[in-house]
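Remarks on the structure that follows.
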Amino acid sequence: MEKSTISKYDQKRSTKIYGINVTPYDSAPVKPNLDGDRLNFYLLILLYIIQGFPLGLSSSFPIILQSKKMVTYEDQATFSIALWPYIMNILWAPIIDALYIQCVGRRKCWLIPLQLLMGLFMFYMACNIADWLPESGKPNLKMLSIMVFVLNVLSSTQDIVVDGWALTMLKKNNVSYTATCNSTGILFGIFLGEVCFTLLVSEEFNIKYFRAMPGAGGLVSMKSCLLCWVILVVSVTLLIGIFKKEKKNLEDDFEKISVFQNYKLLWEIIKLPNIKGLAIALLTTRIGFIVTESVSQLKLIDAGLSKDDIMILTTIMYVVKFTIPIFISKYITSIKPMSYYLKMTPIRLVWGIVYVTLIYFTPSLIHLDNAEVSVPVYYYLTLGFVYFINDMLSFFMLLALFSFFYQISDSRFGGTYMTLFNTLYFLGWFLPNTLVLKLIDITTFSKCSNDAQNLCSTPNLTNMCNKNGGSCSIYVDGYYITTAVCAVIGLVWYCTFKNTLKRYQTLSRTRWMVYAKPSDIDEVHEPCITSS
């Protein structure tokens, strides 16, 4: 398109939103090339790793707590609230996007204090972790939950900042590498916070694989591990503050969009009919699998399997996750990724039944004389196979769904769209996750082995049973009841939304856009915002 044509197009196609003209401009596509951009590429990965570490801690603490046999599923439900900031960040995303100190940098002015606060709170956590999570005795679940919640507030806010900075830190022709930085960095950060943290601080892992003497503790203490992370976060933050210059954004030459205008824009997006239908589907899409995803590892620990063995198995899954996008990219980047998502849904529901069946028979397969734990090789192979298939189905569906998000997002307001879709998707996981943990606790019934009248329904009754020489044994396990209920809901979801989601992926992108004309879609690339 010639320059004069673009100018004429800009004059005719300019769209006014709340007193602001959103004017599309065109640019010739350039082949991606990381030459001169490699440091920015690795810096983005490092920032996403920092973001992923608190998420990893959010997964490691429930496993450590469950292995100590000192918490109930009600306690686990309480701790799961610590992940909720990731479903609330849409509330303050417009503020992060609209308010900044221009002389410092639109993203740096947020990133530096956020990461310094993250280091400060992690330092406080490191100094007190031995008291909050002792080797023996009741853990301080309240303080653990509060600290992980605060870290996730900072991490989720940093996610907004880094996502926005990624679009300008890399050259225009390299922006496509942002997804690689995001997926690789966050996944590796979660791996460090979940698997590495759990194994490094585990005394059992140290004794079994490094032949340490009992009482030696883990390879490192929780305090040392957290302090090392504090040093990394603070060092990276200071280096960015001193040496990294933020590029001047195109929009800095124009009048800022106010916070109020950003919120009104978000409301206009939410009011789109197709967005409403998609929101309902996203809020309920994971109910069918939520028990398998959230509770199965805890049930394996209850059955007697070592948390270290589970983490080693999880390590293998992470290695596969780092490589699997190479082999399935042609499917997830197709024009109809939701077709693959829907094909996998009934398969995963059926495979969840296989997984639950294995968990049901696990106590009899790994125990000798109902006392000594001895895990045969064939059980490890069976569990590894079942776990591998379940994890790969989950990961494939996740990639397909996010590919769909990228396809339908309005490129003019891509950050707002992706934050909205991410929020809806994770809200559809965090809320059911908390609810099923509570439901499992409610539908689980126990009784004392030497007193049939004692139902062990409270901690006092449980202590009374133990003092009298008995033990509380489960005669109705709420895990299996909850699994059956969720599987039925998942089947109903599939029948309800199958045709709707197939139709959504065939719609023109203009059906997902605000303030757009059908003829604009092929010409709109990025907004240039000017005052009216």
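The values are calculated or read from the model by the stated rules, or taken from the named source; none is laboratory data. Just so you know, these numbers come straight off a predicted model, no measurement behind them. Cβ atoms come from the backbone with ideal geometry, glycine included; neighbour counts cover every protein chain shown. Note: areas computed on protein heavy atoms with side chains; ligands, DNA, RNA excluded. Shrake-Rupley method; radii C 1.70, N 1.55, O 1.52, S 1.80 Å.
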* **Out-of-range pairs (alpha-carbon distance over 23 Å; input Lys69/Lys208; Lys142/Lys438; Lys69/Lys307; Lys68/Lys467; Lys138/Lys307; Lys244/Lys321)** => Lys244/Lys321
* Inter-label distance, nm, simple model (7 Å from Cα along the C-beta direction), Val220/Tyr494 -> 4.3
* If ligands, DNA and RNA are left out, what is the accessible area of Arg106 with a 1.4 Å probe, given in Å² to the nearest 10? -> 20
* Structure fact -> Once all protein chains are kept in place, Tyr124 shows an accessible area at probe 1.4 Å, nearest 10 Å², of 110
* Inter-label distance for Tyr263 and Lys245, nm, one decimal - labels placed 7 Å from Cα along Cα-to-Cβ -> 3.7
* Asked: Rounded if a/c is under 1.5, else prolate if a/b is larger than b/c, else oblate: which is the range 167-296, with a ≥ b ≥ c the root eigenvalues of its Cα gyration tensor?
  -> oblate
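How much length would be gained if the chain were fully extended between Lys271 and Arg38, taking 0.36 nm per residue of separation minus their Cα-Cα distance, in nm to one decimal?
Values: separation 233, 0.36 × 233 = 83.88 nm, distance 4.04 nm.
Extra length available between Lys271 and Arg38 comes to 79.8 nm.
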* Structure fact -> Ordering Tyr360, Tyr100 by the accessible surface of their heavy atoms, 1.4 Å probe, largest first, yields Tyr360, Tyr100
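Work out how much length Ile101 to Lys208 would gain on full extension: take 0.36 nm times their residue separation and subtract the Cα-Cα distance, in nm to one decimal. Kindly include the intermediate steps, with their values, before the conclusion.
Details: separation 107, 0.36 × 107 = 38.52 nm, distance 5.32 nm.
So the extension gain works out to 33.2 nm.
How large is the accessible surface per residue of the range 99-172, computed with a 1.4 Å probe and reported in Å² as a whole number?
Details: 3100 Å² over 74 residues.
Solvent-accessible surface per residue comes out at 42 Å².
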* Going by a ≥ b ≥ c, the root eigenvalues of the Cα gyration tensor, does the range 251-321 fall in the rounded group (a/c under 1.5), the prolate group (a/b larger than b/c) or the oblate group? -> prolate
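Compute the FRET efficiency between Val320 and Val377 as 1/(1 + (r/R0)^6), taking r as their Cβ-Cβ distance and R0 = 30 Å, and round to the nearest 0.05.
Details: r = 21 Å, r/R0 = 0.69.
The pair Val320/Val377 has a calculated efficiency of 0.90.
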* Kindly report, to the nearest 10 Å², the accessible surface of Phe402 as traced by a 1.4 Å probe over protein heavy atoms only. => 40
* Between Leu507 and Phe361, what length in nm is gained on full extension when 0.36 nm per residue of separation is reduced by their alpha carbon distance? -> 47.9 nm
* Prolate/oblate/rounded call for the range 34-158, Cα gyration tensor, a/c under 1.5 rounded -> prolate
* Accessible-area order (highest first, 1.4 angstrom probe) of the listed residues Glu204, Glu246 -> Glu204, Glu246
* **Inter-label distance, nm, simple model (7 Å from Cα along the C-beta direction), Ser235/Tyr124** => 2.5
